[in-house]
Amino acid sequence: MKLYNTATRKLETFKPLSGVVKIYTCGPTVYARAHIGNLTSYIYWDLLIRALKISDYKVKRVMNFTDVGHLVSDADEGEDKMEKGAKREGKTVFEVAEHYIDLFKKDYTALELQEPDVWARATDYIAEDIEAVNAMTANGFTYETADGVYYDTSKFPEYGDFARLDLSGLKAGARIEFSDEKRNASDFAVWKFIKPGEKHEMRWDYLNRPGYPGWHLECATIIHKELSEPIDIHTGGVDHIPVHHTNEIAEMHAMTGRELAKYWVHCAFITIDGEKISKSLGNTYSLDDLSERGFSPMDYKMWVLSGHYQGTRNFTFESLEAARNRRLNWRNRIALLYQLSSESEHSAPFSSGRSGALARVLGPSEKGSRIFASARDDGGNSMVLTQVLDAINNNLNSAEAFALIDNSELSLDDWGKIDELFGLRLIADSPIISEELQALVSERETARAAKNYARADEIRDELATHGFTVKDTSDGPVWQYLH
Ligand code: AMP
Ligand code: ZN
C-alpha cells in the first residue's frame, strides 16, 4: 500500500512497524450532531482499515471522543465547545456528551463503518493527562501562567517542521487573552486553570486548583496508553495539521522523547454548493437531513467514495443523486447475475440467446459470454478485482477503483469482495426476488403472451409496491430493483 505521508509530504510505500498495524483517528468533539462534512473523514479511514485487513494486515485501531477541553478556536481561545453545547441545550455537559456520542455511534453504524478496537473518551484519561503534564514538566518543557500550564515550544526546535510553520512571524501574546505570560506565540496550554467564578462544569483538581486538560493532550495520552508510540498511522482532517497534530507531536516528544506516528494521513474538506459548511448558511446537513430528502447513508457513502480523500470535494444534491443511481446500477448488475446464475442451474450449459439480451441490459462493456466466464466462484481474485485493490492500495484511490467497477465485468464473488472492501451493503440491500413475486413475473409473461395487457400492467404496479420492476428484453423479462 502507498500512502501520502503529511510528515514527509511524499507518497510512501507503507511498511508496518510490527505485526499489528496501530492506527489512531482523531474523533469528533461531541457537542453537536455530526454533519456530513465531519463524516467524510471516517468513511475514508474505514476504507483504509478495510483495505489493510483485506491485504491480511492485523490492525489495532483507537478513536477518541473529545468531551472536554476543545475550545471554540483550535488554539487556547474562547469557550469550551462542550460548555457551549450545554448552554445551548439547557443540559449538563455530561448529558450533552452522552447524547452526541450515541448519535455519532448511530451514524457510524448507519454508514457501515467498522468500529475501532477502542472508543476512548477524553474524560476517562484525566489521570493519564496529569501524569503526562508531570512528565513534560519534569523534562523541562512547560511553564505555569495564571491561565494554565503551557508548553514552551522553544524547547522543541522541530516544533514547526510537521506543518511547515513559519514561526518567525508570530508575536507572543498577540492573539491570546490571559497570555501576557506566554513566552512564545506558538506555546499552547497542556492544562487550563478554571478562573474563580468561571463556569466550567468539567473540572479536576491539579496543582491545587480546578482545571481541565488542553485539547491536544487527550490524543497523546490515549495513544500512549492504548497503543504505545510510535504508532503506524495517524489520521485526521487537514485542519488538524497546523495546530492539533503539531501539538500532539510536541507533547509526545516532551512526554517520552519518542516519535508519535510514522505515517500521517489527512483528508481535505468538502464544500456544499461551493460554500463552506456553516450553521449560518443552513447547510450543516446530518444523515437524517439527507434521509428526509430520500437519500440513504449508503448513497452518501457512495458519494464520498467516488472521490479522492485529498481532493476538495463539492457536495450538491445532484451529485448525491448520481451516486444513488450508481449504487442502484451496481445492485441491478448483481440482480442480473443472480438471474443468470439461477438460470444456469436449470439449463447448463447456459449459452442461449438470453445471454445476449441480458448483456444488453448490463451495458455496452459487458459481453454476455464473458459475463459467464467471470461469474465463476473460484474464490480467487479476478483480474478486475486485483485492479480495484491496486487502485485502493495506491493512496486510497477510490475514484479510480469506482471507474474500474463501472466499466468491468464482475462475478458475484467479485461483488462480494467489493462489498467487503467498501462496506456499501451492495449484497445486503440486493435481495433475490421472492418466489411469490417471481411467480408474478412469470404470470405477467403469460398475460402479455395472451395480449392481456391490463393484467400485465397490474402486475407491474404490484411489483413496484415491493420495490421491483421488470425489464423486457427480446429473450424474456428480467427483474430489477426500482430503488
Ligand atoms: P469537530 O467535531 O467540530 O471538531 O469536527 C471534527 C472534524 O470534522 C474536524 O476537525 C474536521 O477534520 C472535520 N470536518 C469539519 N468540517 C469538515 C468539512 N467541511 N469537510 C471535511 N471534514 C470536515
Ligand atoms: Zn487528535
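Yes or no, residue by residue, for (1) modelled with pLDDT under 95; (2) surrounded by fewer than 17 Cβ atoms within 10 Å (Cβ to Cβ); (3) not in a loop (DSSP other than H, G, I, E, B):
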{"position": "Asn134", "(1), (2), (3)": "no, yes, yes"}
{"position": "Thr137", "(1), (2), (3)": "no, no, yes"}
{"position": "Val149", "(1), (2), (3)": "no, no, yes"}
{"position": "Ser154", "(1), (2), (3)": "no, yes, yes"}
{"position": "Ala185", "(1), (2), (3)": "yes, no, no"}
{"position": "Trp191", "(1), (2), (3)": "no, no, yes"}
{"position": "Pro196", "(1), (2), (3)": "yes, yes, no"}
{"position": "His200", "(1), (2), (3)": "yes, no, no"}
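Is the stretch 356-367 home to any residue that is in a loop (DSSP other than H, G, I, E, B) and either at pLDDT 95 or above or closer than 26 Å to Leu47 by Cα (or both)? Spell out the reasoning first.
Residues of the stretch 356-367 in a loop (DSSP other than H, G, I, E, B): 363-367.
Then drop every residue that is not either at pLDDT 95 or above or closer than 26 Å to Leu47 by Cα (or both), which leaves none.
No: zero hits.
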Exercise. Please give the number of the condition Ile223 fails out of (1) farther than 25 Å from Ala51 by Cα; (2) away from ligand 1 (no atom under 12 Å from the Cβ); (3) touching a strand residue (DSSP E or B) at 6+ places or on another chain (Cβ under 8 Å); (4) in a helix (DSSP H, G or I).
Key: (1)
Self-check item: Check on Ile101, of a type in the set (A, V, I, L, M, F, W, C) and not in a strand (DSSP E or B)
Solution: yes
Exercise. Could you list, in sequence order, all residues of the stretch 449-474 that are in contact (Cβ under 8 Å) with a residue 24 or more places away in the chain and part of a helix (DSSP H, G or I)?
Key: Leu463
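To keep it simple, each residue is scored yes or no on (1) within 21 Å of Val68 (Cα to Cα); (2) of a type in the set (Lys, Arg); (3) within 16 Å of ligand 1 (Cβ to nearest atom); (4) in contact with a His (Cβ under 9 Å, 6 or more places away or on another chain).
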site	(1), (2), (3), (4)
Met202	yes, no, no, no
Gly214	yes, no, yes, no
Glu229	no, no, no, no
Pro242	yes, no, yes, no
Ala261	no, no, no, yes
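Could you say which residue among Asp205, Asp232 is in a strand (DSSP E or B) and surrounded by fewer than 22 Cβ atoms within 10 Å (Cβ to Cβ)?
Working: Asp232 fails: surrounded by fewer than 22 Cβ atoms within 10 Å (Cβ to Cβ).
The match here is Asp205.
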Quiz item: Lys10: within 16 Å of ligand 2 (Cβ to nearest atom), at pLDDT 95 or above and of a type in the set (Lys, Arg), yes or no?
Solution: no
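If you go through the stretch 266-289, how many residues are among the small types (Gly, Ala, Ser), over 16 Å from the mean Cα position of the chain (by Cα) and either under 14 Å from Asn38 (Cβ atoms) or within 16 Å of ligand 2 (Cβ to nearest atom) (or both)? Lay out the reasoning, then the answer.
First, pick out the residues of the stretch 266-289 that are among the small types (Gly, Ala, Ser): 268, 274, 278, 280, 282, 286.
Filter once more, so that each one left must be over 16 Å from the mean Cα position of the chain (by Cα): 274, 278, 280, 282.
Among the residues that remain, those that are also either under 14 Å from Asn38 (Cβ atoms) or within 16 Å of ligand 2 (Cβ to nearest atom) (or both) are: 278.
The qualifying residues number 1.
Considering only residues that are in a helix (DSSP H, G or I) and modelled with pLDDT of 90 or more, which ones fall in the stretch 53-84? Outline the logic, then answer.
Kept after step one, since they are in a helix (DSSP H, G or I), are these residues of the stretch 53-84: 53-54, 81-84.
The answer is Lys53, Ile54.
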Quiz prompt | Leu47 vs. criteria buried (at least 17 other Cβ atoms within 10 Å of the Cβ), aliphatic (A, V, I, L, M), within 16 Å of ligand 2 (Cβ to nearest atom) and in contact (Cβ under 8 Å) with a residue 12 or more places away in the chain | solution = no
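The values are calculated or read from the model by the stated rules, or taken from the named source; none is laboratory data. Note that this is a predicted model, so its numbers are computed, not measured. Neighbour counts are summed over all protein chains in view; Cβ atoms, including those assigned to glycine, are modelled from backbone coordinates with ideal geometry.
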